Amino acid sequence: MTDPEALDRVRTVARPDWQRIDTVCLDMDGTILDQRFDNQFWLEVLPQQWSARHGMSVEAARAELLQRINAKRGTLQWYCIDYWSDQLQMDFAALKHAMRHEVRYLPGALEFIGRARGLGKRLVLATNAHPVSLAIKDEAAALKQHFDVCVSSHEYGAPKESPAFWRALYSRQGVVPAATLFADDSASVVRAARDAGIAWVYQVLHPDTTQPPQKPLPEVHAIHGIGEIPD
């Protein structure tokens, strides 16, 4: 849980200088969509499948899987369902597709997207999710109809934690960092965006509606959800 001082800091959300912003760039899981889906997949569905296959308890399966998965944290492989399908010999795409009905927008997400569109801003979805995962989420939530472009970091060969991703985004999508607002729930990605020169960076503290908020970083704007970003 966040401490009282952190909560006070979140209550007063810095208003973006909308006159200087051309592009609103948003993360997908935990920023637009409830991260409950992904936590359920990685912490519940996958361990259950693994335990049944290998004759172990769900708790032991979860511990083994988390150890293997976390060893790749921050790399593109960590997000790659092709990699994990091969490593674990399981059809990740089929498993995720089977639970696509669990995909939900976070509270206030669509309303903020509509407000940004009403202000005439270009909307870019930038995610570390594999293109197949993005396609499954789009099928469930019609994501692409709300954005001018949807980008998976797999297209650029580098995760959003890497400076290489941001260089590719700027050159391929014409994104001007000094005229961009970016929101993400990942602390490491938020830091990378700030270091890459994004003018307005917001950290989403409540990516999973079933879990307590995260602790805010001191160096960026903190919000519980993107619906809190003022017009």
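The values are calculated or read from the model by the stated rules, or taken from the named source; none is laboratory data. Nothing here was measured: the structure is a model prediction, and the numbers come from that model. Ideal geometry is used to build each Cβ from the backbone, glycine not excepted, and the neighbour counts take in all protein chains shown.
Which numbered condition in (1) among the hydrophobic types (A, V, I, L, M, F, W, C); (2) in a strand (DSSP E or B); (3) closer than 25 Å to Val103 by Cβ is the only one that Ala140 fails?
If we test Ala140 against (1) among the hydrophobic types (A, V, I, L, M, F, W, C); (2) in a strand (DSSP E or B); (3) closer than 25 Å to Val103 by Cβ, just (2) comes out false.
Just name the residue that is nearest to the chain's Cα centre (by Cα) out of those in the stretch 48-67 that are under 18 Å from Ala93 (Cβ atoms) and surrounded by 14 or more Cβ atoms within 10 Å (Cβ to Cβ).
Step one: filter the stretch 48-67 for residues under 18 Å from Ala93 (Cβ atoms), giving 48-50, 53, 65.
Next, from what is left, pick out any that are surrounded by 14 or more Cβ atoms within 10 Å (Cβ to Cβ): 49-50, 65.
Values: Gln49: 25, Trp50: 25, Leu65: 21 Å.
The qualifying residue nearest to the chain's Cα centre (by Cα) is Leu65.
Return the residue satisfying two criteria in turn: it lies in the stretch 1-45 and is in a helix (DSSP H, G or I) and among the basic types (Lys, Arg), and of such residues it is modelled with the lowest pLDDT.
Residue satisfying both the conditions and the ranking: Arg9.
Quick test for you: out of Gly120, Gly114, pick the one residue that is at pLDDT 95 or above, assigned by TED's automatic domain parsing to the domain that holds Ala192 and in a loop (DSSP other than H, G, I, E, B).
Gly120
Return the total of residues in the stretch 159-208 being of a type outside the set (D, E, K, R) and either part of a helix (DSSP H, G or I) or at positive phi (or both).
20
Here's the yes/no breakdown for (1) assigned to a loop (DSSP other than H, G, I, E, B); (2) in contact (Cβ under 8 Å) with a residue 24 or more places away in the chain; (3) in the same structural domain as Phe182 (by TED's automatic domain parsing); (4) over 15 Å from Ile32 (Cβ atoms):
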| position | (1), (2), (3), (4) |
| --- | --- |
| Ser85 | no, no, no, yes |
| His97 | no, yes, no, yes |
| Val124 | no, yes, yes, no |
| Leu134 | no, yes, yes, no |
| Val151 | no, yes, yes, no |
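Scan Ser186, Ser171 and give me the residue that is polar (S, T, N, Q), closer than 29 Å to Glu102 by Cβ and assigned by TED's automatic domain parsing to the domain that holds Gly30.
None of the other options fit; the residue is Ser186.
Return the residues of the stretch 100-111 that are surrounded by 16 or more Cβ atoms within 10 Å (Cβ to Cβ) and either at pLDDT below 95 or among the hydrophobic types (A, V, I, L, M, F, W, C) (or both); say none if nothing qualifies.
Those that are surrounded by 16 or more Cβ atoms within 10 Å (Cβ to Cβ) and either at pLDDT below 95 or among the hydrophobic types (A, V, I, L, M, F, W, C) (or both): Val103, Leu106, Ala109.
Considering every residue within the stretch 164-179, establish whether at least one is modelled with pLDDT of 95 or more, under 14 Å from Thr31 (Cα atoms) and either in contact with a Phe, Trp or Tyr (Cβ under 7 Å, 6 or more places away or on another chain) or surrounded by 14 or more Cβ atoms within 10 Å (Cβ to Cβ) (or both).
Scanning the stretch 164-179, I find no residue that is modelled with pLDDT of 95 or more, under 14 Å from Thr31 (Cα atoms) and either in contact with a Phe, Trp or Tyr (Cβ under 7 Å, 6 or more places away or on another chain) or surrounded by 14 or more Cβ atoms within 10 Å (Cβ to Cβ) (or both), so the answer is no.
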